Every structure is written in C-alpha cells, then in structure tokens.
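Chemist: I'd like to ask you about the structure that follows.
Read the figures in this text as sums done on the coordinates, not as results from a lab. Given the structure is predicted, the values throughout are model-derived calculations rather than measurements. Because the Cβ atoms are built from the backbone with ideal geometry, glycine has one as well, and the counts that use them run over all protein chains shown.
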C-alpha cells in the first residue's frame, strides 16, 4: 500500500547494489525528487527540512526488478478458456496478479500478449497498483499457430477488426503480408510498445508441434518493417534453432524462450545484437502444476521437450555472448512463482548474471537503458530496500516479497516496513 510522500526523499545508511561492478557500495545516499533520482552522493547527516529522510540501517538498496515476459491477463492456465471469459472477469482477475507482481519487487514488466495501453495507463495514473507495463497488445499468430487456440474441428472465433476485443485472448490470428502490416499498424495505433509474433510452435497451444516454424519470411520481414517504421521492435516466440535463425535473419530483436537453440544460432544472435528472454520457470511449474491448473493434455505432453533443454540453452546463450533478459511467462495460479526464475538463473549463471538479467539487461531490451534497472542520477526512482545481500543469497528476492522492507516506484513509496 502506498504511503504519503514528501517532495524530496533521501535514503541514507544503505548498501547500494552496483550491478556494473557487482558489489555493494557504502557511504552513499540517494535523493529522489519528482519521481527520479536527483542525486547519488556521499552520505551526510544534515537535517533537511523539506525532505523525508529514511535510515536504511545497512540494508541493500537496489533497482526495481524488470520481468520481460509476462501475461498479466492470463488468470487461467488454459489460454483457450482464458480467451472465452467475459472481459470484466478477465480484468478483475488481473488486479491481484498485478499487485502481487509489484509486491515481489517487479516495478516494471513487459507483457508478451494480452495487456494493452488502457491497462498500462491505469497503473500509470495510480488507479491500479502494479508494475509499469510495456504492452505488446495482441500477439500476432498465423492460422494454426501458437496464438490459434482452437482444438481440431473448431471454427475460428475471429476478430475481424480492432474494435472487436476479447480481453482474455493473448493473440490475434492474421495471415498474409498485407494483413500482418495492417495488424501491426492497428496494435501500434492502440498503444503497443512493441510487437509480439509467434514464430514457432508452442506448449500452451493445442495443434502446433514445437518444431513448427510459423509465418513466412516475407510476413516476418513485413512485421519488422512496420515496427521499425514506428521506432520500435519485434519480439518473437521461438523454440528451435531453425525458428530462431529465421526470425533473427528477418530482423527480430528479441527471442522469447529459445530452449532448443544450438551454438551456431546463439552465435548468430550475438553477432546481430539480438537478445534472448528465457523463461525456464514456467516449464518447471507447468511440469509440476500444469495439469491440475487446467492445461490441456496435448499441451502437458509438450512440456518435457522444452523443459529439459532449457537450462542448457542458458549456458549456450551465455557462452555465445547473447545478453539475456529476465522472463517468467507464468499462467494462472502459477504467477506466484515469478521470482523463482532468479533461482534458476543463479544456479546456472551465478547471482550477478541473474540480477543483471532483471535490471540492466532488461532495461536495454525495453530501450530504457539509464532510465530503468539502475541507481543513477536522472534515472526513474524504482528502488527496493532488501533484507539481505542478493549477491550472496539470491533467495532474499525469491517468494512474495517477504524480504523487501521498502518498494519505491517512480518515487512513490508502495511498501514501507521501516516506519
């Protein structure tokens, strides 16, 4: 819950997490004004009448976390059923999901299909507590692709124009070069920050094997062309090396999942400056809880193919020099495991790499480097005060925010147990 904020906020006696150096820095204080960090300066004990001064008592001060792959409107693990729910129910079910994300320390998320400008704006206006949203609107899928949730024999519930809207649908089905161009323009006009496409088969969709490639190269190039014309980029759901390579060669900027990548394809990604957003936690949780959460049997059968390869993909990306952003991609009740991806990253890559994936690298992916994911003069004041040192024990960030003494989002105190 938010607390009353002074015009200036000074955080003293903390240990600043420097993610570039990979160490904690003492003897500094952070000054916040107008939602931004106005100074990071040597600490002093001066009393400033116009400021609220908070003693962190040696706790860790770090940037707010960023999750680059979420579906905040996916309150049902069965995405086909999710799409059929009334819009009002979908939106109301999203409210606790959003608030819980913020309480875990995720002050920013990139939604990979479903959330729109209106929801992001509601959070920005303070109407709804939750992380700042970079929305993709509806992801684009070919007929029979990862966004086509029909079972065999079902007719397509089409959305023939942008005025037709099902809040629970994470994607829209669109085919052909001219049609995908129009779809991109519609999503951008509706406020999408970036464009999401389905470039391979997926787990949660019923009729497309993982090994499938999706969309022709001409369609992908047209989508990228339209996104770049609007000064944004394309993120692509892709699992196999073949699907990843096609997407990268067509100009896609971020690869989502990427579990079945090979060394040569990872090297190509690094050469092209493309990012990866692995989402290993979702496969771990789907394997444990997917069936009971309502995931269809055809989808449950696909999980092991990508789960077992996922940790190796993390190593391949790292060895090739591909920068990896943090992603969770959880559905339904499994949203509660969002921060567990940190544990997985830390086990494979180490604590510092895990932390960077959810801060500095994630900010690059969002094209907000120096604004988010850092503690620096001029940056947006998204900050966490942590009981513990995440460089030594990543577990202090895992769970439901139990070890977060303070959460500050754009200079506004959202949680404070220090008073």
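Chemist: Going by alpha carbons, how many degrees (0 to 90, nearest 10) lie between the helix axis of 280-289 and the longest principal axis of the chain?
Modeler: The helix 280-289 is inclined about 70 degrees to the chain.
Chemist: Now a separate question. Dividing the Cα radius of gyration by the Kirkwood radius, what Rg/Rh value follows for the range 312-361? It would help to have the intermediate numbers written out before the result.
Modeler: Numbers: Rg = 11.2 Å, Rh = 11.3 Å.
Across the range 312-361, the Cα-based Rg/Rh ratio is 0.99.
Chemist: Can I ask one more? Report the normalised scattering of the range 65-365 as log10 I(q)/I(0) at q = 0.06 Å⁻¹, calculated by the Debye formula with identical scatterers on the alpha carbons.
Modeler: Debye curve over Cα of the range 65-365, log10 I(q)/I(0) at q = 0.06 Å⁻¹: -0.16.
Chemist: Given R₀ = 35 Å, FRET efficiency for residue 416-residue 88 by Cβ-Cβ distance, to 0.05?
Modeler: Once rounded, the FRET efficiency stands at 0.60.
Chemist: With springs only between Cα atoms under 10 Å, which of 313, 353, 301 fluctuates most in a Gaussian network model of the chain?
Modeler: Checking each option, the largest mean-square fluctuation is seen for 301.
Chemist: For the chain, find the longest principal axis of its Cα atoms and tell me its angle to the long axis of helix 263-272, 0 to 90°, nearest 10.
Modeler: So the helix axis and the longest Cα principal axis differ by about 70 degrees.
Chemist: Let me ask something else about it. Can you give the extra length, in nm with one decimal, that the chain gains between residue 41 and residue 333 once fully stretched, where that is 0.36 nm per residue apart less the Cα-Cα distance?
Modeler: That works out to 100.9 nm of additional length.
Chemist: Could you compute the FRET efficiency for residue 177 and residue 150, with r as their C-beta to C-beta distance and R0 at 30 Å, rounded to 0.05?
Modeler: My answer for the efficiency is 0.80.
Chemist: Multiplying the sequence separation of residue 347 and residue 291 by 0.36 nm and subtracting their Cα-Cα distance, what value in nm do you get?
Modeler: Contour length minus Cα-Cα distance gives 17.5 nm.
Chemist: Tell me the mean residue ellipticity at 222 nm calculated for the chain from its helices only (DSSP H runs of n ≥ 4, each -39500 (n - 2.57), averaged over every residue, nearest 500).
Modeler: Value at 222 nm, helices only, nearest 500: -9000 deg cm²/dmol.
Chemist: Moving to a separate point now. Distance from a point 7 Å along Cα→Cβ of residue 367 to each backbone N in the range 198-238: keep the residues under 11 Å and list them by number.
Modeler: The answer is 227-234.
Chemist: Measuring from centroid to centroid over Cα atoms, what is the spacing of the range 1-67 and the range 236-251 in Å?
Modeler: So the separation of the two Cα centres works out to 41 Å.
Chemist: Something else about it: With a point put 7 Å past each Cα toward its Cβ, work out how far residue 242 is from residue 55 in nm, to one decimal.
Modeler: 6.5 nm
Chemist: Only residues of the range 56-79 count here: report those whose backbone N is under 18 Å from the spot 7 Å along Cα→Cβ of residue 298, or say none.
Modeler: 77-79
Chemist: Follow-up question, since we're still on this one. Return a whole-number percent for the relative contact order of the chain, with Cα pairs under 8 Å and 6 or more residues apart as the contact set.
Modeler: On the way: 1022 pairs, mean separation 82.3, N = 419.
Dividing the mean separation by the residue count of the chain yields 20 percent.
Chemist: Would you mind putting 170-176, 189-195, 132-138 in packing order, based on average other-beta-carbon counts within 10 Å, highest first? Spell out each step's value before the answer.
Modeler: On the way: 170-176: 22.3, 189-195: 19.6, 132-138: 25.7.
Per-residue Cβ counts within 10 Å, averaged per peptide and sorted highest first, yield 132-138, 170-176, 189-195.
Chemist: Calculate the length of the line joining the C-alpha centroid of the range 169-192 to that of the range 348-365, in whole Å.
Modeler: 31 Å
Chemist: What relative contact order, as a whole-number percentage, does the range 331-383 give when Cα pairs under 8 Å and 6 or more residues apart are counted?
Modeler: Relative contact order for the range 331-383 comes out at 18 percent.
Chemist: Measure nothing but the geometry: give the 0 to 90° angle between the long axis through the Cα atoms of 87-103 and the longest principal axis through the Cα atoms of the chain, rounded to 10°.
Modeler: Around 40 degrees separate the two axes.
Chemist: Going by Cα centres, the range 254-297 and the range 371-419 are how many Å apart?
Modeler: 27 Å
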